[in-house]
Amino acid sequence: MKNTLKSAMLLVLAITFASFATLKTQKVDVKASQITWTGHKVTGQHDGTLTLKDGTLEFNDKQLVGGEFTMDMTSINTTDLEGKSKAKLDGHLKSDDFFGTEKYPTATLKFTEVKGQGTDYTVTGDLTVKGITKPITFNMTVAEDSAKASFKIDRTKYGIRYGSASFFDDLQDKAIYNEFDVNVSLKF
């Protein structure tokens with residue numbers, strides 16, 4: 001009876017340790033990872049980059065189960081302009097009209113739900129920009145040591161209304177679309 005009880009306890013302990021041992025947090029290589037954005041307006045678009053400050057992806061065995069990221073909003077960089085035009089747009093994007101980076105130097109994304117398996121996932125997370133947190137859902141593809149996602153963000157949900165035809169009349173060809181595109185390529 002004692003041997004059976006001991007064996008049962010050892011089995012329970014082994015299963016408990018095995019279930020914890022499969023959970024793994026992968027730190028994202030911020031220097032090898034890339035975030036690009038495209039903002040659209042009636043007369044065209046602007047492209048740029050944003051630097052990832054830190055990030056992790058969490059796996060249970062090889063299945064994605066979580067993630068958390070911090071973006072350095074002070075790193076907003078326009079890549080389709082040069083000289084004074086670039087400096088002017090970069091400065092405007094960092095101003096209170098847009099991301100207010102002096103007061104809000106970072107934005108965060110924390111996964112709240114991950115569905116899928118293998119390489120394809122649907123991720124829901126809390127995105128915080130300018131101190132405002134809203135849910136966002138997007139698709140993510142995970143390979144051996146990399147992950148990719150593309151999604152749209154409605155800037156007006158985060159209090160960024162400058163140039164939005166939804167809030168201002170008579171903008172005509174100066175209107176800036178509410179949604180902008182984000183493409184993320186992660187290495188870990």
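Mind pulling the angle between the C-alpha long axis of helix 83-94 and the longest principal axis of the chain? Nearest 10 degrees, somewhere in 0 to 90.
Rounded to the nearest ten degrees, it is 60.
Aspartates and glutamates within cross-link reach of Lys94: Cα-Cα under 19 Å, excluding same-chain residues under 8 positions apart?
Of all the aspartates and glutamates, those that pass the test against Lys94 - Cα under 19 Å, at least 8 places apart if same chain - are Asp47, Asp72, Asp80, Glu82, Glu102, Asp154, Glu179, Asp181.
Treating the range 26-179 as a set of equal point scatterers at the Cα positions, no solvent, please give the Debye-formula log₁₀ I(q)/I(0) at q = 0.14, 0.19 Å⁻¹.
Each listed q corresponds, in turn, to -0.75, -1.25.
In sequence order, what are the phi-derived ³J(HN,Hα) couplings for the range 183-188 according to the Karplus relation 6.51 cos²θ - 1.76 cosθ + 1.60 with θ = phi - 60°, rounded to whole Hz, with x for glycine and proline?
10, 10, 10, 10, 10, 9
For Thr79, what residues show an amide H to amide H distance below 5 Å, using hydrogens built from the backbone and excluding near sequence neighbours?
Hits under the 5 Å cutoff: Asp47, Gly48, Thr49.
What is the angle, in °, between the Cα long axis of helix 2-21 and the longest principal axis of the Cα atoms in the chain? Nearest 10 is fine, range 0 to 90.
20 degrees
In whole Hz and in residue order, list the ³J(HN,Hα) couplings for the range 104-119 that follow from phi through the Karplus curve 6.51 cos²θ - 1.76 cosθ + 1.60, θ = phi - 60°; x for Gly and Pro.
So the Karplus estimates, Gly and Pro as x, are 10, x, 10, 10, 10, 9, 10, 5, 10, 7, 10, 10, x, 6, x, 10 Hz.
Taking H as built 1.01 Å from N, whose amide H comes closer than 5 Å to the amide H of Asp29, not counting residues under 5 places away?
Amide H neighbours of Asp29: Lys187, Phe188.
Under the rule of at least 5 residues apart or a separate chain, name every residue whose amide H is placed under 5 Å from the amide H of Lys53.
Result for Lys53 returns Thr70, Met71, Asp72.
Apply the Karplus parameterisation 6.51 cos²θ - 1.76 cosθ + 1.60, with θ equal to phi minus 60°, to every residue of the range 51-63 and state each ³J(HN,Hα) to the nearest whole Hz, in sequence, with x for glycine and proline.
8, 7, 7, 6, x, 9, 10, 10, 10, 10, 6, 9, 8
Using helices alone, I'd like the mean residue ellipticity at 222 nm for the chain: each DSSP H run of four-plus residues gives -39500 (n - 2.57), total over residue count, nearest 500.
Details: 2 runs with 32 residues, N = 188.
Helix contribution divided over all residues of the chain: -5500 deg cm²/dmol.
What are the lysines whose alpha-carbon lies under 25 Å from the alpha-carbon of Lys148, with same-chain residues fewer than 8 places away excluded?
Correct list for Lys148: Lys24, Lys27, Lys31, Lys53, Lys62, Lys110, Lys115, Lys130, Lys134, Lys157, Lys187.
Which percent of the accessible area of the chain is formed by carbon and sulfur heavy atoms (probe 1.4 angstrom)?
The computed percentage sits at 53.
The values are calculated or read from the model by the stated rules, or taken from the named source; none is laboratory data. Small disclaimer: the values here were computed from a predicted structure and weren't measured. Just so you know, the surface numbers come from the protein's heavy atoms only, side chains and all, with ligands and any DNA or RNA stripped out. Shrake-Rupley method; radii C 1.70, N 1.55, O 1.52, S 1.80 Å.
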